[in-house]
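K.L.:
So that we are looking at the same thing, I have put the structure below in structure tokens.
The values are calculated or read from the model by the stated rules, or taken from the named source; none is laboratory data. Because the structure is predicted, anything quoted here is derived from the model rather than measured. Neighbour counts run over all protein chains shown; Cβ positions are idealised from the backbone, glycine included. Accessible surface is based on the protein model in full, side chains and every heavy atom, while ligands, DNA and RNA are left aside. Shrake-Rupley method; radii C 1.70, N 1.55, O 1.52, S 1.80 Å.
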Amino acid sequence: MRVKIALAEKGLDYEARPEDLFGGKSDLLLTSNPIYKKVPVFLHDGKPLCESSVIVSYIDETWPAPALLPSTPYERSQARFWVDYIDKKVLPINSIWKASGDDAMEGAKKEFVEVLKVLEGALGEKEYFAGDAFGYVDILAIPITCWFLASERFGNLKVEAESPKLSAWIKRCMEKETVAKVVPDPEKIYEFVINLRKMFGIA
């Protein structure tokens, strides 16, 4: 999703090849990403690139306009810091719907809300993480939010109540065509999570 949004923001055409990650990975994926053997992989001029944050940076450097990363070295470094935080702290917050038992659920909810508030602090009063323009951090963060509905329902909480500014940012991003056509309906993700819980034997 991150890579598709970045390509759309640049106005670039591309060929997308879906992978059956449960039924068997293609030889192209396995040879293009032999270390992690996972998506996404971006092929440009026959050369593979892996990891979404790396790919989005490459896209921004290869096709500079419109810029996704900020213009100054300090601001670019700050953007990369927040993307690292998102990958380490926001991506793993699916622990709410994985939680089994009251204590585990309460711990997962507390962690989820803490992460939301940290992100909201980084956003501040700005429209987007870098200011007035949708950019690098927004692209890396917004796809993860489609999982928030599942966390809300299983955790009996509301993102809007806990972090209203972050909730408004999500709505703002989803109004962009480049985002809306890529990020799936949270209701479908919720249904998917219900099935995952059944697979994992979580009551």
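K.L.:
Work out, step by step, the length gained on full extension between residue 172 and residue 91: first 0.36 nm times the residue separation, then minus their alpha carbon distance; give nm to one decimal. Walk me through the numbers on the way to the answer.
P.N.:
Numbers: separation 81, 0.36 × 81 = 29.16 nm, distance 2.07 nm.
Working it through step by step, the gained length comes to 27.1 nm.
K.L.:
Further, regarding this structure: May I ask you to order 154-163, 21-30 by the average number of other C-beta atoms within 10 Å around their residues, highest value first? Don't jump to the answer; show the numbers that get you there.
P.N.:
Working: 154-163: 16.1, 21-30: 11.0.
Per-residue mean Cβ counts within 10 Å order the peptides as 154-163, 21-30.
K.L.:
For the chain, set up a GNM with springs between Cα atoms under 10 Å and report which of 141, 79, 180 has the largest fluctuation.
P.N.:
In the Gaussian network model the winner is 180.
K.L.:
Along the charge dipole of the chain, pointing to its positive end and built from +1/-1 on Cβ of Lys, Arg, Asp and Glu, which listed residue (57, 92, 104) has its Cα farthest out?
P.N.:
Among 57, 92, 104, the one farthest towards the positive end of the dipole of the chain is 104.
K.L.:
If Lys and Arg each add +1 and Asp and Glu each add -1, what is the summed charge of the other residues whose beta carbon sits under 13 Å from the beta carbon of residue 197? List each step's numbers first, then the result.
P.N.:
Numbers: positive: 98, 153, 198; negative: 191.
Overall, the nearby charge balance is +2.
K.L.:
Please work out how much length the chain gains when fully extended from residue 156 to residue 192, using 0.36 nm per residue of separation minus the C-alpha to C-alpha distance, in nm with one decimal. Kindly include the intermediate steps, with their values, before the conclusion.
P.N.:
On the way: separation 36, 0.36 × 36 = 12.96 nm, distance 1.81 nm.
Here the answer is 11.2 nm.
K.L.:
Give the carbon-plus-sulfur fraction of the accessible surface of the chain in %, rounded to a whole number; probe 1.4 Å, heavy atoms of protein chains only.
P.N.:
Details: 6170 of 11510 Å².
Solvent-exposed carbon and sulfur of the chain make up 54 percent of the total.
K.L.:
Here is a further query. Report, by chain and number, residues whose modeled amide H sits under 5 Å from the one on residue 129, excluding near sequence neighbours (fewer than 5 apart, same chain).
P.N.:
Close amide H contacts, sequence-distant or interchain: 135, 138.
K.L.:
May I pose another question? Step through the table entries 88/110; 98/188; 25/188, compare each Cα-Cα distance with 21 Å, and write down the pairs that go over it. Intermediate values should be presented prior to the final figure.
P.N.:
On the way: 88/110 16 Å; 98/188 17 Å; 25/188 23 Å.
Those over the limit are 25/188.
K.L.:
Enter the Cα centre distance for the pair region 155-203 and region 65-112, rounded to the nearest angstrom.
P.N.:
Using only Cα atoms to place each centre, the spacing works out to 14 Å.
K.L.:
Then there is this: Return a whole-number percent for the relative contact order of the chain, with Cα pairs under 8 Å and 6 or more residues apart as the contact set. List each step's numbers first, then the result.
P.N.:
Values: 186 pairs, mean separation 43.4, N = 203.
For the chain, the relative contact order is 21 percent.
K.L.:
If you don't mind, another one. Using every alpha carbon pair in the chain, what percent of pairs falls into each 5 Å bin from 0 up to the bin containing the largest distance?
P.N.:
Per 5 Å bin, starting at zero, the Cα-Cα P(r) for the chain comes out as 1, 7, 14, 18, 19, 17, 13, 8, 3, 1, 0 percent.
K.L.:
Still on this structure, I have one more. For region 52-68, take each phi angle, set θ = phi - 60°, evaluate the Karplus expression 6.51 cos²θ - 1.76 cosθ + 1.60, and give the result in whole Hz per residue in order, putting x for glycine and proline.
P.N.:
Values, residue by residue: 4, 5, 5, 5, 5, 4, 4, 4, 5, 6, 7, 10, x, 10, x, 5, 9 Hz.
K.L.:
With a 1.4 Å probe and every protein chain left in place, tell me how much accessible area residue 103 has, in Å² to the nearest 10.
P.N.:
Accessible area, nearest 10 Å²: 140 Å².
K.L.:
In sequence order, what are the phi-derived ³J(HN,Hα) couplings for region 31-41 according to the Karplus relation 6.51 cos²θ - 1.76 cosθ + 1.60 with θ = phi - 60°, rounded to whole Hz, with x for glycine and proline?
P.N.:
Rounded to whole hertz, the list is 7, 7, 9, x, 6, 9, 6, 9, 8, x, 10.
K.L.:
Mind ranking 199, 1, 174 by accessible surface for me, highest first, 1.4 Å probe?
P.N.:
Working: 199 135, 1 85, 174 65 Å².
The most accessible residue leads, giving 199, 1, 174.
K.L.:
Charges at C-beta only: +1 for Lys and Arg, -1 for Asp and Glu. How large is the resulting dipole of the chain about its Cα centre, in Debye rounded to 20? If you can, show how the numbers build up before the last one.
P.N.:
Details: 27 positive and 31 negative charges, 74 e Å.
Dipole size: approximately 360 debye.
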